[in-house]
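Notes for the one structure printed next.
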Amino acid sequence: MKHLSLSPDDRVLVLGATGFIGSRLIRELAQKNIRMRLLVRNASKASALVPKKADAEIIEGDILKNINLQQALKGIHSAYYLVHSMGGKLLSQQSDFAEKDKQAARNFVSAADASGLKRVIYLGGLGETGDNLSEHLRSRLDVAKILSEGKAKETFLRAAVIIGAGGASFEMLRYLVERLPVMTAPQWIDTRIQPIAVQDVLAYLAGCLLDPETAGRTFDICGHEVLTYREMMEQYAEARQIAKRFIVTVPFLTPKLSSYWVDLITPVPAGVAHPLIEGLKNEVVCRDSSIDEFVPIQKTSFQDAVKLAFSEETTGPGVTGF
Ligand SMILES: NC(=O)c1ccc[n+]([C@@H]2O[C@H](COP(=O)([O-])OP(=O)(O)OC[C@H]3O[C@@H](n4cnc5c(N)ncnc54)[C@H](OP(=O)(O)O)[C@@H]3O)[C@@H](O)[C@H]2O)c1
């Protein structure tokens, strides 16, 4: 177990450092004086996000194209895997994201095995296995499985919707509620979800790095409240002190139609919205609370998470990437 403990001289690789989670995580790690290396596709985008006093090396590369992965992993003790390929403005651009994500994970595992990496911490999605799982949630599980097959011990954190400024799921919710006092919605808005504040996700990510006992384990991470998407919209309006929203469900709104609708109303493009909306047919709630034994935290309520997301806009990075 000793070799899994991080020492002060060790450097931690962050993959996805320019993203919603990664950009916040590098600030969290900098505060804890953890030495970092970032593998990013755009070095100037990354250097703007790194806190001034952080000890962070930046390497430009690409996981999917296998550019500079081996160089980035050289001498690294632990890595965060916070990457996915979902995106694109158009629906047609996101059709092969699952295959790309598997390939990127395979590239990572073969470079990590050669480098002697000890640990990898992956943030993926909640959702039960089975035929009914959406392509997006299945892809998160596939990546976790590929990472678990490498020599480095994986810690797999499974989260549902993460509440924080710039997160794709949160921005979809935010703009739908802010812009539509009355809305028609598909039946998925009554699916149960257990959201989590981005601040709590960061506490779990950092806590797992500092506790070697979490290596080789899977944890569900969630806030306290299980809410339907409808209830999340209602509570969002309450937290923002805006008038009650009226939501009418209609049977004919398919995920495809809904994603065009989201594209029109919100800054989230259809290519990002479609896999997320498809995922909303699956219940995503925590089945296991064993993370509390390792990283006990004071959980943020849903409404406080919404308020924090708004305060973050003026004080934080507010990365959207859209
Ligand atoms: N957001 C949520 O609500 C949520 C909920 C549950 C789980 N998660 C999981 O959390 C993880 C991080 O999600 P996120 O919301 O932070 O995503 P995000 O904001 O879209 O960030 C994705 C990151 O991956 C990088 N990336 C993509 N392809 C790459 C490649 N080929 N080479 C190098 N870097 C690449 C992107 O870099 P560029 O800046 O160059 O594009 C970006 O930094 C994902 O596994 C996601 O499934 C997120």
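The values are calculated or read from the model by the stated rules, or taken from the named source; none is laboratory data. What you see is a predicted model, and the numbers here were worked out from it, not measured in a lab. Positions of Cβ are generated from backbone atoms using ideal geometry, with glycine treated the same way; all protein chains shown enter the neighbour counts. Areas reflect the complete protein model, heavy atoms only, side chains present, ligands, DNA and RNA absent. Shrake-Rupley method; radii C 1.70, N 1.55, O 1.52, S 1.80 Å.
Tabulated values for the structure
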| quantity | calculated |
| --- | --- |
| Single residue of segment 258-308 satisfying the filter (closer than 14 Å to Cys222 by Cα and small (Gly, Ala, Ser)) that is surrounded by the most Cβ atoms within 10 Å (Cβ to Cβ) | Ala305 |
| Pairs with Cβ under 8 Å, 6+ apart, first in segment 22-43 and touching a residue at least 24 places away in the same chain (Cβ under 8 Å), second hydroxyl-bearing (Ser, Thr, Tyr) | Gly22/Tyr80; Leu25/Tyr80; Asn42/Thr18 |
| Residues satisfying the stated conditions in segment 184-234, i.e. among the aromatic types (Phe, Trp, Tyr) and open to solvent by less than 10 Å² (accessible area, probe 1.4 Å) | Tyr204, Phe219, Tyr229 |
| Tabulated pairs, segment 207-226, first more than 14 Å from Glu154 (Cα to Cα) and of a type in the set (Gly, Ala, Ser), second assigned to a loop (DSSP other than H, G, I, E, B) and open to solvent by 60 Å² or more (accessible area, probe 1.4 Å), C-beta under 9 angstrom, 6+ apart or interchain | Gly207/Pro296 |
| Single residue of segment 136-153 satisfying the filter (within 13 Å of the ligand (Cβ to nearest atom) and farther than 14 Å from Val284 by Cα) that is most open to solvent (accessible area, probe 1.4 Å) | Asp142 |
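Each row is one residue, and each column tells you yes or no for (1) closer than 25 Å to Leu157 by Cβ; (2) among the hydrophobic types (A, V, I, L, M, F, W, C); (3) at pLDDT 85 or above.
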position	(1), (2), (3)
Tyr236	yes, no, yes
Arg240	no, no, yes
Lys244	no, no, yes
Pro251	no, no, no
Lys256	no, no, no
Gly279	yes, no, no
Cys286	yes, yes, yes
Ser301	yes, no, yes
Glu312	yes, no, no
